[in-house]
Amino acid sequence: MKQDLATKLLRTGEISRRDFAAKTASSLLGVGMLGSSLTSKSFAAFEGSSKLKQVATAKNVIYLYMSGGQTHLDTWDPKPGTATGGPTKAIKTSADGVRLAENLPLTAKQMHHGTVINSLTSTQGAHEQGNYMMHTSYELRGTIRHPAMGAWLNVFQGGGNSTLPNFVFIGNDSRHPGAGFFPAANSPLYVNNPENGLKNVKLQPGLTEDKFQARMKLADELDQDFRGTFPHRNVKAYAEMYDDAIAMMKSEDLKAFDLTEEPADLRSAYGREAFGQGCLLARRLVERGVRFVEVSLGGWDTHNANFVRVPELCETLDKGLATLVADLHNRGLLQDTLIVLTSEFGRTPDINQNVGRDHYPKAFSAVMFGGGVKGGFTYGKTDSEGREVIEDKVKIQDMNASIAFALGLPLDQVIYSPSKRPFTIADKGQPLTGVFA
């Protein structure tokens, strides 16, 4: 019956042979993929998805996530001399016309490599919901888990290093959506502390390679009946996880996780905090073909003492970000690596009674370096007090579409989740073509 239906669809032209082949092949992934050429009504919800295509300007992404809601007014969009600007002053940068808050003096010297986006806006004003939308482009639902950008990149392109994961998360944020509804093989490798490298990746003392292989062979034989009885994707993914882990254990590129190989002065330049060392690890990983690395820096929920806490956070951020940009540039990697810095929302222009700033999704900022974006450029604008976006409004979906656009990913490719619901990589987001050189 299924064969008859497939034949009928092909003959009537409702589905092309290319799309049918894509759908059939992708069933092995546990998700459905269908091309934008389909005319089914089920795609009506995605008619607004961008059909723009381009040759990728970036091979890799280093995604710096400022968890907690970074204040735009005290970092990327300062408003000195206003009631909402507080005591934060603005400074000149290496790019004419681009100004940053005084809290980021080192990054200011690298702004000729990057673009500041000062017109982000979101509908999500709570941390979990805002974090989720920023990572996935979709609202948080109890019935489904959507994939993060690194998982989409894995499914659409793969590539990278065959013995290392293509998607790595450095930090301790347990709310990361990971692979979402994609198979577990597309989940990130989680590294809690970049200083500690990877644990349990070497054979235990006294265990020879022959004994190890014998044990794995026995485990495989014992599992055969179970796999045959339950041929589900999660069972398959569990088995593949062991294969991937063994491949990684034998990889010569495991040394990428050993930061002691780096000169002491460079490690100090990145900053000895976990974030700075995470940025250094991210550079080492993209050097070896890992395609998407996220590094998180928490603590931006500054309801209290904003003007004490933010300079402290910025000192950590400034060292890590500025050194990362310069280091990638000096190694010839910046042109192929897109650095993205963003947060779930901004902070209120009004300063509260605790000398802090509260949640503010209405207007906030992000930054992009390398990977084909313009250098020394500002995109979008808020009003004189940082309250309203008054020029080139950017939705979360647009921001994520821009990352996908830089990677050359198809923005209008519809993928079905295992529950048969259709999704695209950035919902209806439109890439910010104006930020690319």
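Among all positions in region 411-427, there is at least one residue which is among the basic types (Lys, Arg) and over 18 Å from Ser365 (Cβ atoms).
Gly370 fulfils the conditions (1) at negative phi; (2) surrounded by 22 or more Cβ atoms within 10 Å (Cβ to Cβ) except for a single criterion, (1).
Kindly establish whether Asp96 is more than 16 Å from Lys395 (Cβ to Cβ), in contact with a Ser or Thr (Cβ under 8 Å, 6 or more places away or on another chain) and modelled with pLDDT of 95 or more.
Working: more than 16 Å from Lys395 (Cβ to Cβ): yes; in contact with a Ser or Thr (Cβ under 8 Å, 6 or more places away or on another chain): no; modelled with pLDDT of 95 or more: yes.
Here the answer is no, as Asp96 does not meet what is asked.
Could you check region 259-305 and list, in sequence order, the residues that are part of a loop (DSSP other than H, G, I, E, B) and not small (Gly, Ala, Ser)? Break it down stepwise before answering.
Step one: list which residues in region 259-305 are part of a loop (DSSP other than H, G, I, E, B), which gives 262-263, 271-273, 288-291, 298-305.
Those that are part of a loop (DSSP other than H, G, I, E, B) and not small (Gly, Ala, Ser): Glu262, Pro263, Arg272, Glu273, Arg288, Val290, Arg291, Trp300, Asp301, Thr302, His303, Asn304.
Of all the numbered requirements in (1) in a helix (DSSP H, G or I); (2) modelled with pLDDT of 95 or more; (3) among the hydrophobic types (A, V, I, L, M, F, W, C); (4) under 21 Å from the mean Cα position of the chain (by Cα), Ala256 misses one, and that requirement is (2).
Quick check on Gln353: is it under 22 Å from the mean Cα position of the chain (by Cα) and outside any strand (DSSP E or B)? Let's see the steps before the verdict.
Details: under 22 Å from the mean Cα position of the chain (by Cα): no; outside any strand (DSSP E or B): yes.
Criteria not met by Gln353.
Among the residues making up region 97-127, those that are out of contact with any His (no Cβ under 9 Å at 6 or more places or on another chain) and part of a loop (DSSP other than H, G, I, E, B) are Gly97, Glu102, Asn103, Leu104, Lys109, Ser122, Thr123, Gln124.
Looking at the structure I just gave you, is Ala404 out of contact with any Gly (no Cβ under 9 Å at 6 or more places or on another chain), buried (at least 23 other Cβ atoms within 10 Å of the Cβ) and within 20 Å of Met368 (Cβ to Cβ)?
Numbers: out of contact with any Gly (no Cβ under 9 Å at 6 or more places or on another chain): no; buried (at least 23 other Cβ atoms within 10 Å of the Cβ): yes; within 20 Å of Met368 (Cβ to Cβ): yes.
When the stated conditions are applied, Ala404 does not pass them.
Inspect region 320-335 for any residue being polar (S, T, N, Q), modelled with pLDDT of 95 or more and under 22 Å from Pro78 (Cα atoms) and give the result as yes or no. No; the residues of region 320-335 include none that is polar (S, T, N, Q), modelled with pLDDT of 95 or more and under 22 Å from Pro78 (Cα atoms). Within region 86-120, the set of residues being in contact (Cβ under 8 Å) with a residue 40 or more places away in the chain, surrounded by 19 or more Cβ atoms within 10 Å (Cβ to Cβ) and of a type in the set (Gly, Ala, Ser) comprises Gly86, Ala95, Ala101, Gly114, Ser119. Filter region 314-366 for residues that are over 13 Å from Thr107 (Cβ atoms), crowded, with 23+ Cβ neighbours inside 10 Å and small (Gly, Ala, Ser) and give the result. Across region 314-366, the qualifying residues are Ser343, Gly346, Ala363, Ala366. In this structure, Arg141 does not qualify as modelled with pLDDT under 95, outside the structural domain of Arg288 (by TED's automatic domain parsing) and not acidic (Asp, Glu).
The residues of region 387-412 that are without any contact (Cβ under 8 Å) to a residue 40 or more places away in the chain and among the small types (Gly, Ala, Ser) amount to a single one, Ser402.
Considering region 361-412, the residues that are polar (S, T, N, Q) and assigned to a strand (DSSP E or B) include one that is farthest from the chain's Cα centre (by Cα), namely Thr382.
Across region 118-129, what is the number of residues that are within 21 Å of Tyr379 (Cβ to Cβ) and either small (Gly, Ala, Ser) or in contact with a helix residue (DSSP H, G or I) (Cβ under 7 Å, 6 or more places away or on another chain) (or both)?
Taking region 118-129 as the starting set, the residues that turn out to be within 21 Å of Tyr379 (Cβ to Cβ) are 118-123.
From what is left, the residues that are either small (Gly, Ala, Ser) or in contact with a helix residue (DSSP H, G or I) (Cβ under 7 Å, 6 or more places away or on another chain) (or both) are 119-120, 122.
Total satisfying the criteria: 3.
Scanning region 318-369 for residues that are of a type in the set (Ser, Thr, Tyr) and farther than 17 Å from Arg283 by Cβ gives Thr342, Ser343, Thr348, Tyr360, Ser365. Residue count for region 413-437 satisfying the condition of being assigned to a loop (DSSP other than H, G, I, E, B), small (Gly, Ala, Ser) and either free of Cβ contacts under 8 Å to residues at least 40 places away in the same chain or surrounded by fewer than 16 Cβ atoms within 10 Å (Cβ to Cβ) (or both): 2.
The values are calculated or read from the model by the stated rules, or taken from the named source; none is laboratory data. Not measured: the values here are computed from a predicted model. Neighbour counts run over all protein chains shown; Cβ positions are idealised from the backbone, glycine included.
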